[in-house]
Amino acid sequence: MTSPAARPDFPTFLPPGSASVQWCAACGAEWPERHAAPQCATCGGLLEARHAAPAHVDGTPLTGAALRASFAQHCCARPLGHPSGVWRFAEIVMPSVVVPAVSDNHARDTIVSWPEGNTALLQRRAISQYVGVDALWVKHEGMNPTGSFKDRGMTVGTTQAVRVGASAVACASTGNTSAALAAYAAQAGLPALVFVPTGQVALGKLTQTLAYGARTLLVRGDFDDCLRLVQDASRELGIYLLNSINPWRLEGQKTIVFELLQQLGWDAPDWIVLPAGNLGNTAAFGKALREAHALGLIDRVPRIASVQAAGAAPFAASFADGFRTRTRVQAETLATAIRIGDPASHDRAVDAITFSDGCVLSVSDEEILAAKRVIDAAGVGCEPASAASIAGARALVRDGRMRAGDRVVAVLTGHVLKDPGILVRMHQDAAFPSAPPNAPIEIDASVSAVAAVLADDARRRAMTAHD
Ligand SMILES: [Zn+2]
């Protein structure tokens with residue numbers, strides 16, 4: 001843990017009463033809160049939302065215990081609560097939006113909320129033992145409405161799309177992002193466009209998106225052509241771009257951290273471990289911790305551990321080099337949600353790791369699958385990329401950076417049903433590198449056959465117990 005200094009180039013919060021701005025980290029330009037372009041119009045840099053410091057109605061700052069009490073009051077209970085784990089933190093996510101109370105039926109459409117968040121913070125002995133840490137909590141973001149953490153960013157991003165008067169929303173993604181985009185756009189009554197290169201995407205990955213009614217455009221070209229087209233279309237057609245660099249999506253993703261801190265009674269853990277691909281979450285977690293510390297919500301800052309798949313580990317390579325260079329790789333891993341060779345949020349993720357005295361590491365696909373087996377068999381389950389956090393925590397314990405007595409939160413980003421294909425391979429294919437499979441067993445229609453299966457199961461459990 002560290003006692004970090006404030007960032008010199010820009011205050012964490014603006015003076016109470018200020019309007020939020022979108023600030024360009026590259027050139028320092030400020031854009032109004034409802035500026036609809038996804039990047040800085042001057043230099044093309046990434047934008048960050050900056051808000052006024054929370055304040056009482058008389059303008060005095062609202063910090064520490066008073067702010068914690070305010071968040072507790074917003075938590076679900078009538079009459080002031082809202083049943084969203086994102087919007088109860090509205091003061092530090094999107095302060096200018098009016099969040100309707102549970103009891104207010106007339107103001108519901110000021111935000112586009114499923115509702116989302118309020119995901120469980122689990123403890124399971126089998127997972128703790130596997131990692132080698134007693135006080136291990138698993139924050140399961142797969143329990144969000146479309147099955148991944150993306151809903152937290154999309155509720156804020158779609159709310160912003162409505163506020164800027166967008167004609168439609170769009171992204172270039174095949175996975176969890178497009179599913180979340182499609183669901184929230186459906187609720188907002190906005191057309192949703194998903195751009196993917198034709199011939200390069202298995203339609204199975206898009207079923208959830210298709211179900212929610214997004215229009216999927218198979219673009220004749222490669223992924224770069226898609227990105228270029230989606231950006232041109234957003235500029236010329238008034239489509240609001242909800243890709244991973246959208247600053248409002250990051251505001252929503254910050255609430256994973258606020259919520260887990262609140263669930264721990266604002267007694268910060270020693271570590272927060274998360275899977276890392278495009279680095280949007282790493283960046284959002286860093287911003288959340290910086291803000292939580294500045295507001296006195298926590299008095300010490302957990303270390304962020306970002307875990308990449310070994311075949312898609314450009315950020316880990318940059319970290320090993322002291323962040324002197326930005327690395328790009330040809331990404332290959334079965335953890336598709338983090339199969340990213342050139343992470344979009346690299347720069348702000350560097351800030352998150354530096355600020356939190358964190359670290360970046362990589363784990364092999366075999367380690368990811370082994371961790372997934374433990375998570376799945378504990379009855380929790382997750383998509384492959386999520387298991388990188390548990391595999392990473394285990395690796396940190398083994399190399400001595402994480403101690404058995406540390407308090408650790410590991411984030412699972414997606415639901416076990418997000419990737420049924422990998423489950424079929426793990427449990428039907430004996431040659432797949434995650435043996436033993438748990439294949440279905442064909443039996444005669446007799447009670448003795450059932451009894452034989454139970455006896456075999458008891459033998460296996462006894463053997464495992466003696467290991
Ligand atoms: Zn700029």
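Scanning the range 298-308 for any residue that is touching a His at 6+ places or on another chain (Cβ under 9 Å), surrounded by fewer than 18 Cβ atoms within 10 Å (Cβ to Cβ) and acidic (Asp, Glu) turns up at least one such residue.
Between Ala395, Ala439, Ala452, which is surrounded by 10 or more Cβ atoms within 10 Å (Cβ to Cβ) and under 25 Å from Leu361 (Cα atoms)?
Exactly one of Ala395, Ala439, Ala452 is surrounded by 10 or more Cβ atoms within 10 Å (Cβ to Cβ) and under 25 Å from Leu361 (Cα atoms), namely Ala395.
If you go through the range 416-437 one residue at a time, do you hit one that is assigned by TED's automatic domain parsing to the domain that holds Arg125 and among the hydroxyl-bearing types (Ser, Thr, Tyr)? No, the conditions are met nowhere in the range 416-437.
Might you check whether a residue that is assigned by TED's automatic domain parsing to the domain that holds Val273, in contact with a Phe, Trp or Tyr (Cβ under 6 Å, 6 or more places away or on another chain) and not charged (D, E, K, R) occurs anywhere in the range 375-386? Scanning the range 375-386 turns up no residue that is assigned by TED's automatic domain parsing to the domain that holds Val273, in contact with a Phe, Trp or Tyr (Cβ under 6 Å, 6 or more places away or on another chain) and not charged (D, E, K, R).
If I ask for residues that are among the hydrophobic types (A, V, I, L, M, F, W, C) and modelled with pLDDT under 85, which ones from the range 199-226 would you list? Those that are among the hydrophobic types (A, V, I, L, M, F, W, C) and modelled with pLDDT under 85: Val201, Ala202, Leu203, Phe223. Residues in the range 44-62 that are surrounded by fewer than 13 Cβ atoms within 10 Å (Cβ to Cβ) and within 9 Å of the ligand (Cβ to nearest atom): Gly44 alone. Considering every residue within the range 219-240, establish whether at least one is touching a Pro at 6+ places or on another chain (Cβ under 7 Å), buried (at least 23 other Cβ atoms within 10 Å of the Cβ) and within 27 Å of Glu91 (Cβ to Cβ). No: the range 219-240 contains no residue that is touching a Pro at 6+ places or on another chain (Cβ under 7 Å), buried (at least 23 other Cβ atoms within 10 Å of the Cβ) and within 27 Å of Glu91 (Cβ to Cβ). From the list Leu250, Leu279, the one residue that fits, being on the phi > 0 side of the Ramachandran plot, in contact with a Lys or Arg (Cβ under 8 Å, 6 or more places away or on another chain) and either buried (at least 23 other Cβ atoms within 10 Å of the Cβ) or modelled with pLDDT under 95 (or both), is Leu279.
Selection of the range 15-34 for residues being closer than 26 Å to Gly165 by Cα and more than 12 Å from the ligand (Cβ to nearest atom) yields Gly17, Ser18, Ala19, Ser20, Val21, Pro32, Glu33, Arg34.
Does Arg124 satisfy being among the basic types (Lys, Arg) and within 21 Å of Leu190 (Cα to Cα)? No; evaluated as a whole, the condition is false for this residue.
The values are calculated or read from the model by the stated rules, or taken from the named source; none is laboratory data. Predicted, not measured: the structure shown is a model, and the values here were computed from it. Every residue, glycine as well, gets a Cβ built from its backbone with ideal geometry; the counts of neighbours run over all protein chains shown.
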